[in-house]
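Values quoted throughout were computed directly from the atomic coordinates according to the rules given, and no laboratory measurement underlies them. Treat the numbers as computed from the prediction; the structure is a model and nothing was measured. Using ideal geometry, Cβ is built from the backbone for each residue, glycine included, and neighbour counts are taken over all protein chains shown.
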């Protein structure tokens, strides 16, 4: 059995991974780990799609399409009713088309909300915020439309022409909200990654990526950045609480252990959704590769501490005496050790002035104050 399993994994990696994901799709942590493992082996995991997904994970052109029954809150019976209608009458043109055609009691609000949140309707052109904003109304609309059609047929008419529901125009979610909804419903990030906006900075904040760890020596000190997933709290033989989790970055994931002393110091950071920077030692052998962590910090704090120069850019035709007074007060209030420079723009020339008597602290409060008064475009933080 072990030989056959290894042979399948080596020669049919996508099919093997899809089968494993299907087998364990009731366990969100295992599904998340299997997806990360597939991505490390260069197998793309495509998001759920109302017109492309099947009940379980399926291989499509060498990639794996997420099964709709693996979406949290969506049951197998509801998916089967969707697939039966799709097979008999073709693709769905939108959420309104779905609720009009699939009149199953299994297709309730919870199921539809989960499908919207995970992005199953993204390919059909209406944003998730608009779909959720009109969800209750479109369900009532479908019920009324079905009743009108039945009434027309009863009196010999051909039935009403197919109508379309007008979803409200709502500003779509910011990426952070979309990613949180995807993580909630499918266990991984579909439309991006929380580390995407830090991509250019990661080389300065970290010493390695998770995909590189197996090539490093045992007990190597590492600094990693990623999102915490699959958190589990356990008790040692002495009864002390410790934690294990997976740290996911843009290249994969690594198992992390926080022993009791480190757990006590970092407990507050474990339940948040924001990415963290982690310091620890590599515990590597032929059988396993994991990190024993000793310190965590929010990635925003790490980014702030990595600032090595502050630049304030002002156009000499636009800034006022009041701006300079405010700048002076700000320099006094946030005095620290980071070099600060004032860049004065005059036509095609730029003058750089060192404020060597007024170095600044690097803190979130400083960043907020500078952005609030001078605007993001005028302030630059050099890492």
In whole angstrom, how far apart do the alpha carbon centroids of the stretch 7-55 and the stretch 222-263 sit?
-> 24
In Å, what Rg and Dmax follow from the Cα atoms of the stretch 307-382?
-> 11.6, 33
Residue-span extension gain [residue 308 to residue 103] - 0.36 nm each, minus C-alpha spacing = 67.7 nm
What Kirkwood radius, in Å to one decimal, follows from the Cα pairs of the stretch 156-251?
-> 17.8
For the stretch 196-301, what is the relative contact order in percent, using Cα pairs closer than 8 Å and at least 6 residues apart in sequence?
-> 28
Could you tell me which label, among (1) 30.1, 127; (2) 21.1, 68; (3) 26.9, 89, carries the value of Rg and Dmax of the Cα atoms in Å calculated for this structure?
-> (3)
Between the modelled labels at residue 140 and residue 164 (7 Å from Cα along Cα→Cβ) the distance in nm is 2.3
Going by how many other Cβ atoms sit within 10 Å of their own, how do 351, 22 line up, fewest first?
-> 351, 22
Quick one: grab the alpha carbon gyration tensor of the stretch 1-150, order the square roots of its eigenvalues as a ≥ b ≥ c, and give me rounded if a/c is under 1.5, else prolate or oblate depending on whether a/b is larger than b/c.
-> prolate
Note on the chain: contact order normalised by length, alpha-carbon pairs under 8 Å, 6 or more apart, percent, works out to 10
Starting with the fewest neighbours, write out 68, 1, 139 ranked by other beta-carbon atoms found within 10 Å of each beta-carbon.
-> 1, 139, 68
Let me have the 222 nm mean residue ellipticity of the chain computed from DSSP H runs of 4+ only, each contributing -39500 (n - 2.57), with the sum over all residues rounded to the nearest 500.
-> -11000 deg cm²/dmol
The stretch 81-135: C-alpha gyration tensor shape, a/c 1.5 cut-off, then a/b vs b/c = oblate
Using the count of nearby Cβ atoms within 10 Å as a rough guide to exposure, how do 221, 117, 42, 183 rank from fewest to most?
-> 42, 221, 183, 117
Hey, with R₀ at 30 Å, roughly what FRET efficiency would residue 204 and residue 24 work out to, going by the Cβ-Cβ distance, to 0.05?
-> 0.20
Could you give the angle, 0 to 90 degrees to the nearest 10, between helix 28-40's Cα long axis and the longest principal axis of the Cα atoms of the chain?
-> 70
Can you give the extra length, in nm with one decimal, that the chain gains between residue 87 and residue 211 once fully stretched, where that is 0.36 nm per residue apart less the Cα-Cα distance?
-> 40.6 nm
Between the alpha-carbon centers of the stretch 103-135 and the stretch 285-310, tell me the distance in whole angstrom.
-> 37
Rounded, prolate or oblate: which one fits the stretch 1-75, using the alpha carbon gyration tensor with axes a ≥ b ≥ c (rounded when a/c is under 1.5, else prolate when a/b beats b/c, else oblate)?
-> prolate
What is the spin-label model distance, in nm, from residue 12 to residue 350 if the labels are put 7 Å beyond Cα along the C-beta direction?
-> 5.9
